[in-house]
Amino acid sequence: MSGIIEVPGAKNAVLPVLAATLLNNGTSILENCPELDDVLTMNEILSALGCKIKRKGSQIEVDASQLTSSSIPEVLAKRMRSSIIILGAVLARCGEVHVSYPGGCEIGMRPIDMHLRALEQMGAEVDGLNHGMLRVRAKKLQGCEILLDYPSVGATENIMLAACYAEGETLIRNAAKEPEIEDLQAFLNKAGAMISGAGSGVIKIHGVSEIKTQITHKIIPDRIVAGTYLAAAAATGGSLVVTGVDYDHIGSILYCLKRCGCKIKHYQGGVVTLEAEGRLKPLDLVRTSPYPGFPTDMQPQIVALLTRCSGTSVVVETVFENRFRYTEQLLKLGADISVQGRTAIIRGVDTLRGADLEARDLRGGAALIIAGLTAEGETRISGVNYIDRGYERVERVLSKVGAQIRRVED
Ligand code: UD1
């Protein structure tokens, strides 16, 4: 692989910001939005609630001045687990919300207990209805102090959104520190909310009575997409330039790639270059953890890279309980990986051989592409719809930088 890839806006930033547009009784214009299935689903949810949406390329305009419903259609909520981040915004704006209870998914149960406990603490009534539906009601939420058991990204976002219209001040302790949380704060404050502390473990939200404005906001770059393409270049012994990235956001990913022996440089204006030559070195230990630690969303891609390194690597997944299932697929290529609970031991092999594989989740699917690119012969990957949830036309991006990859069926 060799060439330049421009990194699009972050999926995990645009989804909560789209949810936040519901709080604006006016028009929000979002720039640098990626064209992804999950973004489309979120737009459909907003439309079902009464928002008027216009999309022009990477710009999305949301007019949320006339909401007509507080029920999130079950078919849309089930399509995207992260639809739960809309709960706080709809509740704050409408005083109630109906949504289906999200089920388990391929990477673990992903419960929403912290989201619901926090909303109850703010005075909301939570009813579990029949058929897995939830109804949450609160005439007026009350600001309070909330201590999260774990720095959950979604729970932090939900509380921030709910607290914007709460009476008084809400304090979130042990809040998630991810850059996407900072982007949500930036958008909301531009619109007229009063939030401080995003990026630290303590976030303070002072409730306001109304947000009604026209604002434009540019979504931050996708650190996981940047990391995935850099890992693909590293795995294939290539040289790649990624542009439009925030270097600070990808520190832990670049640290791992450097430890493997990649040469990495960064330049002003969000440009990062990577060069990889010969066989890469194994990593004695990579542990996923909340930001600024190594992101769980990059764990499968790094494991794919490590399958051909010159020795044994150990990767520990601490965020999700079931995030190594994709490794079964890598074994079909001849990788040597053993998984015990939350630990994967990867013994580097000389060659992988192409096979038919099945993607069952987004980042696991990205890992299969990376491994397939390094394998001898042809690899066919089904379940591409999972990969489309987080990567814009991945085959076009990769083939422009020299990868031999094409979409067989749409
Ligand atoms: C977000 C990201 C996802 C990323 C994850 C961790 C979005 C749209 N998705 O997901 O890509 O992998 O952060 O960086 O931004 N948990 C509970 N109870 C709760 C909430 C979470 O036990 O009420 C657990 C989860 O099961 C998981 C851990 O907390 O084990 C972290 O989850 P969380 O940070 O909430 O992830 P998401 O917001 O779902």
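Per residue, what accessible area does segment 83-213 have, given a 1.4 Å probe and all protein chains present, in Å²?
40 Å²
List the aspartates and glutamates whose Cα lies under 15 Å from the Cα of LYS190, skipping any in the same chain that are fewer than 8 positions away.
Result set, ordered by chain and number: GLU31, GLU182, GLU210.
Past the 26 Å Cα-Cα mark, which pairs from LYS52/LYS218; LYS52/LYS204; LYS56/LYS140; LYS11/LYS78; LYS78/LYS140; LYS56/LYS400?
Exceeds cut-off: LYS52/LYS204; LYS56/LYS140; LYS78/LYS140.
Below 8 Å between Cα atoms, with a sequence gap of 6+, how large is the relative contact order for segment 10-218 in percent?
Worked out over segment 10-218, it gives 22 percent.
Rounded, prolate or oblate: pick one for segment 140-219, where a ≥ b ≥ c are the square roots of the eigenvalues of its C-alpha gyration tensor, a/c under 1.5 means rounded, and failing that, prolate if a/b is larger than b/c, else oblate.
oblate
Let a ≥ b ≥ c be the square roots of the eigenvalues of the Cα gyration tensor of segment 223-399; is it rounded (a/c under 1.5), or, if not, prolate (a/b larger than b/c) or oblate?
Because its axes are fairly even, with a/c under 1.5, segment 223-399 counts as rounded.
Rounded to the nearest 500, what is the 222 nm mean residue ellipticity of the chain from helices alone, with -39500 (n - 2.57) per DSSP H run of 4+ residues and division by all residues?
That calculation yields -9000 deg cm²/dmol at 222 nm.
What part of the accessible area of segment 10-218, given as a whole %, is carbon or sulfur when the probe is 1.4 angstrom?
Exposed carbon and sulfur together represent 48 percent of the surface.
The values are calculated or read from the model by the stated rules, or taken from the named source; none is laboratory data. Being a predicted model, the structure only gives us computed values, none of them experimental. Just so you know, the surface numbers come from the protein's heavy atoms only, side chains and all, with ligands and any DNA or RNA stripped out. Shrake-Rupley method; radii C 1.70, N 1.55, O 1.52, S 1.80 Å.
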